[in-house]
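Q: My questions all concern the structure below.
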Amino acid sequence: MTGEPKISATAQIEFEIKKRIYCDLRDAVQAVNSIEVSTGPYDKPSPPKKGIIPPKWAAQVSLSLQVDESSALNPGLTFDELISSSFSLGLGGTLSSTATRIDKFNPSWSIAYLMRPDTPRSVCKAGNDLFEQLRWRPASSSPFILQSDLGIKEWLQGAMFTDVLLHSVDSPGGDPKPDTVSYEIKFVIVSTGTVTPTWKLMKFSANTSGDFLSLSRTRTHDLIITIGPNDSTTLDSHLASQIGNAVSNSNRAILTRR
């Protein structure tokens, strides 16, 4: 393969979104693991220690970027006084189109990897953005980039605090077992526009009701993060969240087109 690769604007913004999520998640894991916490039952708590999220755990991430676009052309023409003063004839038609694009990413990182310290070439360090180095202006139109705080750190602190205070237990007298925790963020941005030119002449008029041309664009950006032991329980929990999210987005797209 020769020549410079062609990087689309979509690929650029997808990179910036994934980078933002990775850096926020990494900062959240490191912040939570820096807090000293006592674990174990209430009557026999263990000495406080750092590292509440075990290094063998993993973070499963699902990122879905969906765009639904629709357009409709509704011309109308009314003939007045074609036969008599009390008669009019209306003609009309509709031409519509819809398009859906869905880009999905499903990265996963071990907690041990997220706990690694920064290096001079870390992607999260200012000035190390690939597109900045190419002197391209980094994309910033997604709410995942525009939002000043995705709330990942606050969620993870609260979730792990709850996990420590109230463990799940398989059987009476059994050992505490950690819970899998999940977090979901959804942004829906709807843009619409209409154009309706109207003509009224002696014998006919055009587009006197309704929209002549209508355009609609709906962007749905979803993020699901599931953190837990690197086993089937965590994977099943993450899959269930993905299925529920896909059904919700499909229903929303159908209702939007009506």
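Q: Looking at SER71, SER62, which is the one that is farther than 23 Å from GLU154 by Cα, surrounded by 15 or more Cβ atoms within 10 Å (Cβ to Cβ), in contact with a Leu (Cβ under 8 Å, 6 or more places away or on another chain) and at pLDDT 75 or above?
A: Criteria check complete, one pass: SER71.
Q: Here's a check for you: in segment 96-143, which residue that is among the basic types (Lys, Arg) and modelled with pLDDT of 70 or more is surrounded by the fewest Cβ atoms within 10 Å (Cβ to Cβ)?
A: Filtering segment 96-143 for residues among the basic types (Lys, Arg) gives 101, 104, 116, 121, 125, 135, 137.
Remaining after also requiring modelled with pLDDT of 70 or more: 101, 104, 116, 121, 125.
Details: ARG101: 11, LYS104: 12, ARG116: 11, ARG121: 7, LYS125: 12.
Looking at residues that are among the basic types (Lys, Arg) and modelled with pLDDT of 70 or more, I get ARG121.
Q: Next question, about the same structure. Kindly state which strands (runs of 3 or more DSSP E) lie completely within segment 152-258 and contain at least 3 residues that are at pLDDT 65 or above and not hydrophobic (A, V, I, L, M, F, W, C).
A: In segment 152-258, 181-195, 213-229 are the strands (runs of 3 or more DSSP E) which contain 3 or more residues that are at pLDDT 65 or above and not hydrophobic (A, V, I, L, M, F, W, C).
Q: From the list ILE7, ILE21, pick out the single residue that is surrounded by 11 or more Cβ atoms within 10 Å (Cβ to Cβ), hydrophobic (A, V, I, L, M, F, W, C) and modelled with pLDDT under 70.
A: Only one candidate qualifies: ILE7.
The values are calculated or read from the model by the stated rules, or taken from the named source; none is laboratory data. Only a predicted model underlies this, so the values are computations on that prediction, with no experimental measurement involved. All Cβ positions, even for glycine, are placed from backbone atoms using ideal geometry, and neighbour counts span all protein chains on display.
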